[in-house]
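Colleague: A single structure is presented below for examination.
Values in this text are rule-based calculations from the coordinates and carry no lab data. The structure presented is a predicted model; accordingly, all values stated were derived computationally and were not measured. Counting neighbours? That spans all protein chains shown, and the Cβs are built from the backbone with ideal geometry, glycine included.
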């Protein structure tokens, strides 16, 4: 019978396997598990929302089927910024769009000669690797809206979901 | 003293059980509507290799979820706006759609139900997800659904597409 590794003569003796599985004191182990479960639940519900990327509209920055997280606290102290990749909810947060913000409230957005045009100026977008044939007229972004689009501009315009998202629908910033 | 506590706990458990049983027999309308829409999504699924007759029967069964004067309006980017008026048009569209797809899986998520003041109508927001094998693209569409209670049955009166990104 192996020893428990404690000097307390009154402590119940436990085998090596039991010590590895449930620790020296099962009550503390249960408490630790309970704390871990609660912390994991709170973090995944209110801080870092786990997501799985589906689709090719954010390639090559984000590949299909990759796992990522949405930081829900990213916009507590400041509003979303240009270049941020954000999660936009649908009727709930089970399905969300993952898009990059290119247009801020009050700006105008157009697509011309392979470039996104913001307020008449071509936007420098190093994350866009494929060339685009999108030609879209100037569109104003409302005071409470953000213009979002994917990085994969090689897709057909009609197959690529993009447009103005209400601020209230932006759940948070993509973490990784 | 101990038996008193046991009695209290027993009574609370009995009350809980009675409440659970009552809720099971009389579910709230929101729950009935969610179940109804989930059943519709299941009915709209098409299995690979399903016979034409089975598909026809499936399309016919879909009409049981709608009011006779149902109106469905689909307005998505890249396609012209389309409206189906009445159950016959909806049934024909369902039959035509089922004939063109090899297989289809439909699921509804985020079903938010707002009951009308009369409790005879409800506004529902949901997100529909459609996937078909072999197609990497997942179709996601937010919908606004108006439902009406007719003879204890919640039926769909109106469906409109919602543009998440405008």
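Colleague: From the helices alone, meaning DSSP H stretches of at least four residues, give me the mean residue ellipticity at 222 nm for chain A, per-run term -39500 (n - 2.57), in deg cm²/dmol to the nearest 500. Intermediate results must be reported in sequence, preceding the final value.
Modeller: Details: 2 runs with 24 residues, N = 176.
About -4000 deg cm²/dmol.
Colleague: With bins 10 Å wide starting at 0, give me the P(r) of the range B:1-160 over every alpha carbon pair, in whole percents.
Modeller: Cα pair-distance distribution for the range B:1-160, in percent: 9, 31, 30, 13, 8, 5, 2, 0.
Colleague: For chain B, what does the helix formula give at 222 nm: sum of -39500 (n - 2.57) over DSSP H segments with n ≥ 4, over the residue count, nearest 500 deg cm²/dmol?
Modeller: Values: 4 runs with 66 residues, N = 166.
Estimated from H runs of four or more residues: -13500 deg cm²/dmol.
Colleague: To continue, here is another question. With 10 angstrom as the radius, rank B:113, B:12 by how many other C-beta atoms surround their C-beta, starting from the fewest. The partial results should precede the final answer.
Modeller: Working: B:113 20, B:12 10.
By the 10 Å Cβ count, ascending: B:12, B:113.
Colleague: OK, next. Can you tell me the Rg and the Dmax, both Å, for the Cα atoms in the range B:82-166?
Modeller: 14.8, 46
Colleague: When the chain is fully extended, how far beyond the present Cα-Cα distance does residue B:52 get from residue B:100, taking 0.36 nm per residue of separation? Please report the intermediate quantities before stating the final value.
Modeller: On the way: separation 48, 0.36 × 48 = 17.28 nm, distance 1.07 nm.
This chain segment gains 16.2 nm when fully extended.
Colleague: Let me ask you something else. Using only Cα atoms, tell me the angle between helix B:29-44 and the longest principal axis of chain B; keep it within 0 to 90° and round to the nearest 10.
Modeller: 40 degrees
Colleague: Rounded if a/c is under 1.5, else prolate if a/b beats b/c, else oblate: with a ≥ b ≥ c from the C-alpha gyration tensor eigenvalues square-rooted, which is the range B:1-40? Don't jump to the answer; show the numbers that get you there.
Modeller: Values: a/c = 6.29, a/b = 5.15, b/c = 1.22.
It comes out prolate by the Cα gyration axes.
Colleague: I would also like to ask the following. Taking the protein assembly as shown as the region of interest, what is the percent of Cα-Cα pairs per 20 angstrom bin, listed from the shortest bin to the one with the maximum distance?
Modeller: In whole percents, the pair-distance histogram is 22, 43, 26, 8, 0.
Colleague: So for the range A:18-176, Kirkwood radius off the Cα pairs, Stokes-Einstein at 37 °C and 0.692 mPa s: how many µm² s⁻¹?
Modeller: Values: Rh = 17.5 Å.
Rounded, D is 187 µm²/s.
Colleague: If you don't mind, another one. I'd like the antiparallel share, as a percent to the nearest 5, of DSSP beta bridges with both residues in the protein assembly as shown.
Modeller: Details: 64 of 68 bridges.
Percentage antiparallel, nearest 5: 95.
Colleague: Same structure, new question: Please find the FRET efficiency linking residue A:92 to residue A:27, where r is the Cβ-Cβ separation and R0 is fixed at 30 Å, and quote it to the nearest 0.05. The partial results should precede the final answer.
Modeller: Details: r = 39 Å, r/R0 = 1.29.
Efficiency computed from Cβ-Cβ geometry: 0.20.
Colleague: Moving on to the next point. How far is helix B:52-62 tilted off the main Cα axis of chain B, in degrees rounded to 10, range 0 to 90?
Modeller: It is inclined by approximately 60 degrees.
Colleague: Here is a further query. Could you check the spin-label model distance between residue B:119 and residue B:151? Points 7 Å from the Cα along Cα→Cβ, value in nm.
Modeller: My value for the distance between the label points is 2.2 nm.
Colleague: Defining a contact as two alpha carbons under 8 Å apart and six or more residues distant in sequence, what relative contact order in percent does chain A show? Don't skip to the end; give the middle numbers.
Modeller: On the way: 301 pairs, mean separation 36.9, N = 176.
Relative CO of chain A lands at 21 percent.
Colleague: Taking only C-alpha pairs under 8 Å that are 6+ residues apart, what is the relative contact order of chain B in percent? All intermediate terms of the calculation are to be shown ahead of the outcome.
Modeller: Working: 252 pairs, mean separation 34.2, N = 166.
Reported relative contact order: 21 percent.
Colleague: According to the Kirkwood expression over distinct Cα-Cα pairs, how big is the hydrodynamic radius of the range A:62-107, in Å?
Modeller: Details: mean 1/r = 0.0824 Å⁻¹.
Over the range A:62-107, the inverse of the mean reciprocal pair distance is 12.1 Å.
Colleague: While we're here: Could you give the angle, 0 to 90 degrees to the nearest 10, between helix A:26-42's Cα long axis and the longest principal axis of the Cα atoms of chain A?
Modeller: 10 degrees
Colleague: Give me A:63, A:129, B:149 sorted ascending by neighbouring Cβ count inside 10 Å, so fewest comes first. It would help to have the intermediate numbers written out before the result.
Modeller: Values: A:63 10, A:129 13, B:149 18.
Starting with the residue having the fewest Cβ neighbours, the order is A:63, A:129, B:149.
Colleague: Describe numerically, in nm with one decimal, the distance between label points set 7 Å from Cα along Cα→Cβ at residue B:25 and at residue A:67.
Modeller: Between residue B:25 and residue A:67, the simple spin-label model gives 4.6 nm.
Colleague: Using alpha-carbon positions, what is the distance between the centroids of the range B:27-49 and the range A:75-124, in Å?
Modeller: Distance between centres, Cα-based: 35 Å.
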